[in-house]
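The values are calculated or read from the model by the stated rules, or taken from the named source; none is laboratory data. Computed from a predicted model, the values in this text were never measured in an experiment. Ideal geometry is used to build each Cβ from the backbone, glycine not excepted, and the neighbour counts take in all protein chains shown.
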Amino acid sequence: MTERLQKLIAAAGLMSRRAAEEEIAAGRVTVNGAAARLGDRADPERDLILVQGKPLPKPEEKVYIMLNKPRGYVTTLHDEKGRRGVTELVKGLQVRVYPAGRLDMYSEGLLIMTNDGDFAKKLSHPSGEMGKTYLTWVQGEGLEEKAALLRQPMEIDCVRLRPAEVEFAGRFESGAILSVTIYEGRNRQVRKMCGQAGLKVTKLLRIREGPLELGDLKPGCWRHLTPEEIRQVLA
């Protein structure tokens, strides 16, 4: 089966698609001895693909895992402040995986990590309509009225957001636990929405992303996604 060269190179784990395009444009990729051009396709089973004079390695095995991210870990791969990263929690894997989306340092819960770029895009891009549900511990006066504000269209960072789906999941003396479902997944979106509504967030736990649910997975632990879970995301 033929694929675009930049996709094949990225799937082999050599570099990103953009970097692969630069290599092709620079004439450092050949197919069956001829210099490749942007837009060319090849079949790695039949064609000899060389990158910088070396044969293209076989594609990495696709890996899909669910991690229960603890508080205090960042999802960036290279943190300039030296903070702990989620990759430290999955060192037992034989292949490198990357977060599909993000959770800020102080948020917890469901985080998907994979080496399949198409899967990550399908899961995290707003066009995929994958709702993300967070249990959100909040404090403030007039909780009913302020929760209602989250159900209205809001503008965060100059972007108009869809109304969130909000339900009360519990109450305590100084506040409540809200179940908040959003669809955009912008940076610190739930925290910023709550702040705009006059609510103080004290804890944020993501429990669902699309068809995937955190369940009883313990903080700091991970598991492989099942074939059915993978199929549901890609459906």
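Can you tell me how many residues within region 37-65 are small (Gly, Ala, Ser) and under 31 Å from the mean Cα position of the chain (by Cα)? Spell out how you get there, then give the answer.
Narrowing region 37-65 to residues small (Gly, Ala, Ser): 39, 42, 53.
Now drop any that are not under 31 Å from the mean Cα position of the chain (by Cα), which leaves 39, 42.
Counting residues in region 37-65 that are small (Gly, Ala, Ser) and under 31 Å from the mean Cα position of the chain (by Cα) gives 2.
Okay, residues lined up against (1) surrounded by fewer than 14 Cβ atoms within 10 Å (Cβ to Cβ); (2) over 14 Å from residue 147 (Cα atoms); (3) among the β-branched types (Val, Ile, Thr); (4) modelled with pLDDT of 95 or more:
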site: 166; (1), (2), (3), (4): no, no, yes, yes
site: 184; (1), (2), (3), (4): no, yes, no, no
site: 191; (1), (2), (3), (4): no, no, no, yes
site: 197; (1), (2), (3), (4): no, no, no, yes
site: 201; (1), (2), (3), (4): no, no, yes, yes
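Whether any residue in region 134-143 is assigned to a strand (DSSP E or B) and of a type in the set (Phe, Trp, Tyr) is what I want to check. Taking every residue of region 134-143 in turn, at least one turns out to be assigned to a strand (DSSP E or B) and of a type in the set (Phe, Trp, Tyr).
Among 163, 219, which is free of Cβ contacts under 8 Å to residues at least 60 places away in the same chain and not in a strand (DSSP E or B)? So that I can check it myself, show each step before the final result.
On the way: 219 fails: free of Cβ contacts under 8 Å to residues at least 60 places away in the same chain.
Only one candidate passes the filter, namely 163.
Scanning region 87-106 for residues that are in contact (Cβ under 8 Å) with a residue 40 or more places away in the chain and not in a loop (DSSP other than H, G, I, E, B), which turns out surrounded by the most Cβ atoms within 10 Å (Cβ to Cβ)? Residue satisfying both the conditions and the ranking: 89.
Of all the listed residues (33, 27), the sole one being more than 20 Å from residue 100 (Cα to Cα), in contact with a strand residue (DSSP E or B) (Cβ under 6 Å, 6 or more places away or on another chain) and loosely packed, with under 15 Cβ neighbours inside 10 Å is 27. Taking the numbered list (1) under 20 Å from the mean Cα position of the chain (by Cα); (2) on the phi < 0 side of the Ramachandran plot; (3) in contact (Cβ under 8 Å) with a residue 40 or more places away in the chain in turn, residue 201 passes all entries but (1). If you filter region 144-160 down to residues that are among the charged types (D, E, K, R) and in a helix (DSSP H, G or I), you find that the one that is farthest from residue 108 (Cα to Cα) is 145.
Residues that are in contact (Cβ under 8 Å) with a residue 24 or more places away in the chain, touching a Gly at 6+ places or on another chain (Cβ under 6 Å) and closer than 28 Å to residue 207 by Cβ do occur in region 110-122, at least one of them.
Got a sec? Which strands (runs of 3 or more DSSP E) wholly within region 1-86 have at least 3 residues that are touching a helix residue (DSSP H, G or I) at 6+ places or on another chain (Cβ under 7 Å)? Quick ask: steps written out before the conclusion?
Working: elements: 29-31, 49-51, 64-69.
Once the strands (runs of 3 or more DSSP E) in region 1-86 are filtered for at least 3 residues that are touching a helix residue (DSSP H, G or I) at 6+ places or on another chain (Cβ under 7 Å), what remains is 64-69.
Each row is one residue, and each column tells you yes or no for (1) surrounded by 19 or more Cβ atoms within 10 Å (Cβ to Cβ); (2) on the phi > 0 side of the Ramachandran plot; (3) not aromatic (Phe, Trp, Tyr).
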residue: 142; (1), (2), (3): no, yes, yes
residue: 150; (1), (2), (3): yes, no, yes
residue: 156; (1), (2), (3): no, no, yes
residue: 159; (1), (2), (3): no, no, yes
residue: 171; (1), (2), (3): no, no, yes
residue: 214; (1), (2), (3): yes, no, yes
residue: 230; (1), (2), (3): no, no, yes
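If only residues of region 172-201 that are touching a helix residue (DSSP H, G or I) at 6+ places or on another chain (Cβ under 8 Å) and assigned to a strand (DSSP E or B) are counted, the one that is farthest from residue 139 (Cα to Cα) is 182.
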